[in-house]
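Enquirer: Here you go, one structure.
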Amino acid sequence: MSFITYVWVICFISVYVTLFWILVVSLFNLEKKKKLSYLPLVSIGIPVWNEGKSIVDTLESLDEMDYPKEKLEIIVIDDGSNDDTYKLAKEYARGKKYIKVLKNKSNLGKSETVNRALSLAKGEYFAVCDADSSVDKKLLKDTLVYFTDDNVAAVTTQIKVKDPKNIIERMQRVEMIFASYIRKMMALIGTLHYTNGVMSVFKKDILKKVGGLSNKVMTEDLEIAMRLKSLGYEVKICENAFGHTKVPNTFKGLWIQRVRWFRGYIQTCLLHRRLLGNKKHGLLGLFQLPMEILMLMLMLVSAVFMLYQFLMSIYQYVLKFIVLKWEMFYGWKIPTFSEFIFGINFKLWFPIIVALIMGLYLYMKAHKHSNEKWKYWFSSFSYLFLYPIIRGLQWWHAVFAEVFQTKRRWR
């Protein structure tokens, strides 16, 4: 396949999928929710491991929520930290009867730590909150109204990046904005199969009934949502509820986190492979999962194809320099505007420009949906045009890591 043909195929699929989602947003609306008739007891489980720098901020955030303290139970469980996490959490909880701070006798892992909190929870609802996150004051009240439907087992929230400073964090800010909008669109057609660890709320009885979180995968928050969907329960997203989280601020940290996420996605899809193409599960089985697998395959192929094109360009340039040396630059001049226009390969650039316009439209809609301003232009450009190649390589790393079963991390 030639490079131009490849670009046309990728751009056609991208535009087709974008048009589908634009149509979904135009035709469907998230149902309006009733007001809470009462305030139930809610338990919040916080699994922690070496979170001394953030655990107090997280507890303060939960403490400041607009929710009666007598209707709140916060269970912090330290999973063998070797820093001062446990000490700081105990000091903060002193005098606050609704905050319990416990410690595992041995390192159990994140999912089992959450399950221990679940077994101790007294609330009608059980929320999971990461120890490096904070939440909006009305988050609980806003999410609980979605449980008026008896078939709803989980409600997840939107994620915002907390105080992004460098280009790595700012690229993730754009990523989270897109992710929230995409998950809203999935919720519109009933295919949402994600919950996040920043803050998601579950019906406790249902969560216990299905066995709690799984320790078989590296992304337990994705797996539990997929399992709930496979059992016929609904997963919703609250558009008004925002959780704020710290993200990796180094390239190495980002790479490690994404490889873990992608490995978790592979593990979850293999675990629930019967959903794929299964008409019993409606659009989730017939459209959403096949589309995700297709886009994943295209990303893997694209990473190899683009890397090959890049290396070949360097090889040809070096070879030309070896043969011609500095003579290759003789006679070179800046082209005139007319020469530039007539030199454009429209077969190559036409599909790219169309796909770019569609992408910018989604970029605009996603920012509006998250009430975020357009800023950090260089970071946004890097995310849209450079990060897809990096993401493809991260996926390849995840695939190889799964094939060779390299060591799994706690989080």
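The values are calculated or read from the model by the stated rules, or taken from the named source; none is laboratory data. Please read these numbers as outputs of a predicted model, since none were measured by experiment. Using ideal geometry, Cβ is built from the backbone for each residue, glycine included, and neighbour counts are taken over all protein chains shown.
Enquirer: Within the bounds of the stretch 375-390, is there any residue that is out of contact with any helix residue (DSSP H, G or I) (no Cβ under 9 Å at 6 or more places or on another chain), exposed (fewer than 14 other Cβ atoms within 10 Å of the Cβ), over 26 Å from Ile256 (Cβ atoms) and at pLDDT 65 or above?
Expert: Checked the stretch 375-390: at least one residue is out of contact with any helix residue (DSSP H, G or I) (no Cβ under 9 Å at 6 or more places or on another chain), exposed (fewer than 14 other Cβ atoms within 10 Å of the Cβ), over 26 Å from Ile256 (Cβ atoms) and at pLDDT 65 or above.
A quick yes/no check of all residues on (1) among the acidic types (Asp, Glu); (2) more than 24 Å from the chain's Cα centre (by Cα):
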{"position": "Leu39", "(1), (2)": "no, yes"}
{"position": "Asn50", "(1), (2)": "no, no"}
{"position": "Leu59", "(1), (2)": "no, no"}
{"position": "Glu64", "(1), (2)": "yes, yes"}
{"position": "Ile74", "(1), (2)": "no, yes"}
{"position": "Asn82", "(1), (2)": "no, yes"}
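Enquirer: Please list, ordered by residue number, the strands (runs of 3 or more DSSP E) wholly in the stretch 30-135 having 2 or more residues that are small (Gly, Ala, Ser), in contact with a strand residue (DSSP E or B) (Cβ under 7 Å, 6 or more places away or on another chain) and closer than 21 Å to Phe147 by Cα.
Expert: Correct list: 42-48.
Enquirer: Same structure, new question: Give me a count of the residues in the stretch 149-167 that are buried (at least 21 other Cβ atoms within 10 Å of the Cβ) and farther than 20 Å from Asn371 by Cβ.
Expert: 2
Enquirer: Take the residues of the stretch 322-369 that are of a type in the set (Phe, Trp, Tyr) and at pLDDT 75 or above: which is surrounded by the most Cβ atoms within 10 Å (Cβ to Cβ)?
Expert: Applying the first criterion (of a type in the set (Phe, Trp, Tyr)) to the stretch 322-369 yields 326, 329-330, 332, 337, 340, 342, 346, 349-350, 361, 363.
Remaining after also requiring at pLDDT 75 or above: 361, 363.
Details: Tyr361: 12, Tyr363: 19.
So, considering only residues that are of a type in the set (Phe, Trp, Tyr) and at pLDDT 75 or above, the one surrounded by the most Cβ atoms within 10 Å (Cβ to Cβ) is Tyr363.
Enquirer: Moving on. So Arg170 fits all but one of (1) assigned to a helix (DSSP H, G or I); (2) on the phi > 0 side of the Ramachandran plot; (3) charged (D, E, K, R); what number is the exception?
Expert: Tallying (1) assigned to a helix (DSSP H, G or I); (2) on the phi > 0 side of the Ramachandran plot; (3) charged (D, E, K, R), Arg170 fails exactly one: (2).
Enquirer: Do we find that Arg274 is surrounded by fewer than 19 Cβ atoms within 10 Å (Cβ to Cβ) and either out of contact with any Gly (no Cβ under 8 Å at 6 or more places or on another chain) or at pLDDT below 95 (or both) in this structure?
Expert: Working: surrounded by fewer than 19 Cβ atoms within 10 Å (Cβ to Cβ): yes; either out of contact with any Gly (no Cβ under 8 Å at 6 or more places or on another chain) or at pLDDT below 95 (or both): yes.
Here the answer is yes, as Arg274 does meet what is asked.
Enquirer: Now for a separate question. Counting just the residues of the stretch 207-230 that are part of a loop (DSSP other than H, G, I, E, B) and not aliphatic (A, V, I, L, M), which one comes out surrounded by the fewest Cβ atoms within 10 Å (Cβ to Cβ)?
Expert: First pass over the stretch 207-230, keeping only residues part of a loop (DSSP other than H, G, I, E, B): 210-219.
Subsequent filtering for residues that are not aliphatic (A, V, I, L, M) retains 211-212, 214-216, 219.
On the way: Gly211: 10, Gly212: 20, Ser214: 20, Asn215: 16, Lys216: 12, Thr219: 22.
My answer is Gly211.
Enquirer: Go through the stretch 243-269 and report how many residues are among the aromatic types (Phe, Trp, Tyr), closer than 13 Å to Ile390 by Cβ and either in contact with a Pro (Cβ under 7 Å, 6 or more places away or on another chain) or surrounded by 19 or more Cβ atoms within 10 Å (Cβ to Cβ) (or both).
Expert: Going residue by residue through the stretch 243-269, those that are among the aromatic types (Phe, Trp, Tyr) are 251, 255, 261-262, 265.
Now restrict to residues that are closer than 13 Å to Ile390 by Cβ: 251, 255, 262.
Retained after the next criterion (residues that are either in contact with a Pro (Cβ under 7 Å, 6 or more places away or on another chain) or surrounded by 19 or more Cβ atoms within 10 Å (Cβ to Cβ) (or both)): 262.
Going through the stretch 243-269 one residue at a time, the tally reaches 1.
Enquirer: So which of Ile256, Ile266 ends up being under 16 Å from the mean Cα position of the chain (by Cα), part of a helix (DSSP H, G or I), farther than 28 Å from Glu372 by Cβ and not charged (D, E, K, R)?
Expert: Working: Ile256 fails: farther than 28 Å from Glu372 by Cβ.
Going through Ile256, Ile266 in turn, just one is under 16 Å from the mean Cα position of the chain (by Cα), part of a helix (DSSP H, G or I), farther than 28 Å from Glu372 by Cβ and not charged (D, E, K, R): Ile266.
Enquirer: I've got another one for you. Run down Ser106, Ser61, Ser54, Ser81 and say which single residue is touching a residue at least 12 places away in the same chain (Cβ under 8 Å) and closer than 24 Å to Val155 by Cα. I'd like the intermediate steps shown before the answer.
Expert: Working: Ser106 fails: closer than 24 Å to Val155 by Cα; Ser54 fails: closer than 24 Å to Val155 by Cα; Ser81 fails: closer than 24 Å to Val155 by Cα.
Going through Ser106, Ser61, Ser54, Ser81 in turn, just one is touching a residue at least 12 places away in the same chain (Cβ under 8 Å) and closer than 24 Å to Val155 by Cα: Ser61.
Enquirer: Across the stretch 64-87, what is the number of residues that are on the phi < 0 side of the Ramachandran plot and buried (at least 16 other Cβ atoms within 10 Å of the Cβ)? Explain how you work it out, then say what you get.
Expert: In the first step, residues of the stretch 64-87 are kept if they are on the phi < 0 side of the Ramachandran plot; the result is 64-79, 81-87.
Next, only the ones that are buried (at least 16 other Cβ atoms within 10 Å of the Cβ) stay: 65, 67, 72-79, 81, 85-86.
Looking only at that region, the number is 13.
Enquirer: Tell me, please, whether a residue that is of a type in the set (Asp, Glu) and touching a Leu at 6+ places or on another chain (Cβ under 9 Å) can be found in the stretch 122-135.
Expert: So in the stretch 122-135, the residues of a type in the set (Asp, Glu) come out as 124, 130, 132.
With touching a Leu at 6+ places or on another chain (Cβ under 9 Å) added as a condition, the list becomes 124.
For the stretch 122-135, residues of a type in the set (Asp, Glu) and touching a Leu at 6+ places or on another chain (Cβ under 9 Å): present.
Enquirer: Scan the stretch 139-167 residue by residue and report those that are over 24 Å from Asn249 (Cβ atoms) and in a helix (DSSP H, G or I).
Expert: Taking the stretch 139-167 first, the residues over 24 Å from Asn249 (Cβ atoms) are 139-156.
Correct list: Leu139, Leu140, Lys141, Asp142, Thr143, Leu144, Val145, Tyr146, Phe147, Thr148.
Enquirer: Check the stretch 189-203 and report whether any residue there is at pLDDT 95 or above, surrounded by fewer than 22 Cβ atoms within 10 Å (Cβ to Cβ), out of contact with any Cys (no Cβ under 6 Å at 6 or more places or on another chain) and under 14 Å from Ala153 (Cβ atoms).
Expert: The answer is yes, given that some residue of the stretch 189-203 is at pLDDT 95 or above, surrounded by fewer than 22 Cβ atoms within 10 Å (Cβ to Cβ), out of contact with any Cys (no Cβ under 6 Å at 6 or more places or on another chain) and under 14 Å from Ala153 (Cβ atoms).
Enquirer: Sticking with this structure for a sec: Among the listed residues Tyr146, Tyr98, which satisfies the condition of being modelled with pLDDT under 95, crowded, with 19+ Cβ neighbours inside 10 Å and within 20 Å of Lys203 (Cα to Cα)?
Expert: Values: Tyr98 fails: crowded, with 19+ Cβ neighbours inside 10 Å.
Result: Tyr146 is the single residue among Tyr146, Tyr98 that is modelled with pLDDT under 95, crowded, with 19+ Cβ neighbours inside 10 Å and within 20 Å of Lys203 (Cα to Cα).
Enquirer: Give the residues of the stretch 277-293 that are surrounded by fewer than 20 Cβ atoms within 10 Å (Cβ to Cβ), aliphatic (A, V, I, L, M) and under 21 Å from the mean Cα position of the chain (by Cα), sorted by residue number.
Expert: Leu283, Met291, Ile293, listed by residue number.
Enquirer: If you don't mind, there's one more thing I want to ask. Could you list all residues from the stretch 16-72 that are of a type in the set (Phe, Trp, Tyr) and under 29 Å from His369 (Cβ atoms)?
Expert: Here is the first cut: in the stretch 16-72, the ones of a type in the set (Phe, Trp, Tyr) are 16, 20-21, 28, 38, 49, 67.
Residues satisfying the conditions are Tyr16, Phe20, Trp21, Phe28, Tyr67.
Enquirer: Looking for whichever is farther than 17 Å from Trp395 by Cα and either hydrophobic (A, V, I, L, M, F, W, C) or modelled with pLDDT under 90 (or both) here; the options are Leu283, Leu254. Which one fits? Spell out the reasoning first.
Expert: Values: Leu254 fails: farther than 17 Å from Trp395 by Cα.
After ruling out the rest, the residue left standing is Leu283.
Enquirer: Answer with yes or no whether Glu372 is touching a Lys or Arg at 6+ places or on another chain (Cβ under 9 Å), at pLDDT 70 or above and in a helix (DSSP H, G or I). Give the derivation first.
Expert: Numbers: touching a Lys or Arg at 6+ places or on another chain (Cβ under 9 Å): yes; at pLDDT 70 or above: yes; in a helix (DSSP H, G or I): no.
So Glu372 fails the test.
Enquirer: So the check is Cβ under 7 Å with 6+ separation or different chains; which pairs have a first residue in the stretch 231-250 that's part of a strand (DSSP E or B) and a second one that's among the β-branched types (Val, Ile, Thr) and surrounded by fewer than 21 Cβ atoms within 10 Å (Cβ to Cβ)?
Expert: Hits for this filter: Glu234/Val152; Lys236/Val152; Thr245/Val161.
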